[in-house]
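Structure first, then comments.
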Amino acid sequence: MNFKEGEILYFDKPLTWTSFQLVRHVRYNLCRRLSVKKLKVGHAGTLDPLATGIMIVCTGKATKRIEEFQYQSKEYIASIRLGATTPSFDLEKEIDATYPTEHITEERVAETLKAFTGQIQQIPPAFSACKVDGTRAYDLARKGKEVELKPKLLVIDEIELLECNLPEIKIRVVCSKGTYIRALARDIGKALDSGAHLTGLTRTRIGEITLNRCIHADTFPQWLEQQEIETEDNN
């Protein structure tokens, strides 16, 4: 493998890690293994700290392919709790309001999900990496400032109800770049005349890449020791 020339690695991002922490972990171990001080490393598609699953990490000249990977369809498995909302739409923040769920049935959930397939307009969460006048929305939101974000046009290719143990549901979503599953949970709650927030999220596929092809972050140093490494650029 030639990490300076460029390699593409697939990781299962650990829970609570930021995407940047994973990139930093990969860069640190690669620089140590290669005995270099610098190495270009980037990722294709951010995952929230409370999400797990596939992250594509590119090194060297392969970082030029990041945009290509970002535009590939993605599949997620999401756990959602109906009847309660949080400011972040997930477990980062405490529940701020509760709503009735007695009127919700499995049949109604399944029917409601159908309305979210195809092209949809979605307002990103205030707790997101979207920029407002050059500042990340989550930086403003965490300071208690009002954040107004414009709706974005997205495509939901597939949405499937996997489990329904009300008020908890589990869904599978195949979607386009830029989709916020936390915001989808919010909108599903509203469509059910209730509230909702995300309690778990795993990205299970990017393009043709699935979780079973991923390296675990904690075993990456050992994995790296077993690889045959080229140290010279192929120029």
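The values are calculated or read from the model by the stated rules, or taken from the named source; none is laboratory data. Because the structure is predicted, anything quoted here is derived from the model rather than measured. Virtual Cβ from ideal backbone geometry, glycine too; neighbours counted across all protein chains shown.
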- Just wondering, is there one or more residues in region 108-124 that are at pLDDT below 85, within 22 Å of the chain's Cα centre (by Cα) and surrounded by fewer than 13 Cβ atoms within 10 Å (Cβ to Cβ)? no
- Given (1) under 30 Å from GLY144 (Cβ atoms); (2) at pLDDT 95 or above, number of the condition LEU47 does not satisfy: (2)
- Note on the structure: Conditions (1) touching a Pro at 6+ places or on another chain (Cβ under 7 Å); (2) part of a helix (DSSP H, G or I) -> THR52 fails only (2)
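Pick from ALA97, ALA62, ALA84: which is surrounded by fewer than 16 Cβ atoms within 10 Å (Cβ to Cβ) and either free of Cβ contacts under 8 Å to residues at least 60 places away in the same chain or in the same structural domain as ARG186 (by TED's automatic domain parsing) (or both)? Outline the logic, then answer.
Details: ALA62 fails: surrounded by fewer than 16 Cβ atoms within 10 Å (Cβ to Cβ); ALA84 fails: surrounded by fewer than 16 Cβ atoms within 10 Å (Cβ to Cβ).
Residue meeting the stated conditions: ALA97.
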- Message: Condition (residue is assigned to a loop (DSSP other than H, G, I, E, B) and hydroxyl-bearing (Ser, Thr, Tyr)) applied to region 134-152: is it met by at least one residue?
- Response: no
- Note on the structure: Taking region 90-130 and keeping residues under 20 Å from SER176 (Cβ atoms) and outside any loop (DSSP other than H, G, I, E, B) leaves LEU113, LYS114, GLY118, GLN119, ILE120, GLN121, GLN122
- Item | Selected residue [on the phi < 0 side of the Ramachandran plot and over 19 Å from the mean Cα position of the chain (by Cα)] from ARG27, ARG65 | ARG27
- Determine if region 217-230 includes at least one residue that is within 23 Å of ASP12 (Cα to Cα) and within 15 Å of the chain's Cα centre (by Cα). no
- Task: Hey, could you check region 6-32 for residues that are in a helix (DSSP H, G or I) and buried (at least 16 other Cβ atoms within 10 Å of the Cβ) and say which is modelled with the lowest pLDDT?
- Result: SER19
- Query: Which of the residues that make up region 214-235 are closer than 20 Å to ALA62 by Cβ and either crowded, with 18+ Cβ neighbours inside 10 Å or modelled with pLDDT of 95 or more (or both)?
  - Reply: CYS214, ILE215, ALA217, PHE220, TRP223, LEU224
- Restricting to region 186-221, what's the tally of residues that are aromatic (Phe, Trp, Tyr) and assigned by TED's automatic domain parsing to the domain that holds ASP96? 0
- Task: Working only within region 145-191, note down all residues that are exposed (fewer than 15 other Cβ atoms within 10 Å of the Cβ), free of Cβ contacts under 8 Å to residues at least 40 places away in the same chain, farther than 18 Å from ASP90 by Cβ and not aliphatic (A, V, I, L, M).
- Result: LYS145, GLU146, GLU148, LYS150, PRO151, GLU163, ASN165
